[in-house]
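So the structure is just underneath, and the comments pick up after that.
What follows draws every value from the coordinates through simple rules; no lab data is involved. Note that this is a predicted model, so its numbers are computed, not measured. Here Cβ is always computed from backbone atoms with ideal geometry, including for glycine, and neighbour counts include all displayed protein chains.
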Amino acid sequence: MTQRQQTGFLKDIVGVYIPKDPNASLQYGIDWTDWLSVSETVTTSTFAVETTGTGLVTLTNPIILDNVTAVTITGGTTGTIYTIANTITTSESWRDVRRFRVKVDKRFL
């Protein structure tokens with residue numbers, strides 16, 4: 001399976017994902033700029049873990065900065081793939097959702 005770098009995410013046959021160590025606590029974001037019209041802005045943003053089953057990953061400190069939405073992702077169980085959904089509302093009252101996966105595994109150099 002081929003992987004390539006895409007805006008900080010890796011991509012496989014299913015789509016984009018973030019490799020994450022179970023002990024890492026890092027901030028991940030989505031840049032909505034190309035999706036928005038010229039004068040439109042992101043006004044609200046929520047993140048949710050859609051994955052059910054084993055393990056726990058927590059989402060804290062959501063932010064919106066220059067149409068980039070971000071959240072801190074902490075924890076997770078090795079070998080588990082989590083789906084994270086980011087739902088936004090814009091200044092034009094549009095609503096959209098983007099999802100990405102977080103693959104938790106011990107990371108080595």
> What is the distance, in nm, between label points placed 7 Å from the Cα along the Cα-to-Cβ direction at Ile64 and at Leu26?
Replying inline: 2.6 nm
>> Through the Karplus equation 6.51 cos²θ - 1.76 cosθ + 1.60, θ set to phi - 60°, convert the phi angles of region 94-105 into ³J(HN,Hα) values in whole Hz; use x for Gly and Pro.
In response: 7, 10, 8, 9, 10, 10, 9, 9, 10, 9, 8, 7
> What longest range of the chain stays clear of loop-exposed chymotrypsin sites (Phe, Trp or Tyr not before Pro) (DSSP non-H/G/I/E/B, at most 16 other C-beta within 10 angstrom)?
Replying inline: 1-93
>> With loop defined by DSSP as not H, G, I, E or B, and exposure as at most 16 other Cβ atoms within 10 Å, which is the longest segment of the chain clear of exposed trypsin sites (Lys or Arg not before Pro)?
In response: 1-105
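If you take every DSSP beta bridge fully contained in the chain, what fraction is antiparallel? Give it as a percent rounded to 5. Don't skip to the end; give the middle numbers.
Working: 35 of 39 bridges.
Around 90 percent antiparallel, to the nearest 5.
Kirkwood hydrodynamic radius, the chain, all distinct C-alpha pairs: what's the number in Å?
Values: mean 1/r = 0.0682 Å⁻¹.
Over the chain, the inverse of the mean reciprocal pair distance is 14.7 Å.
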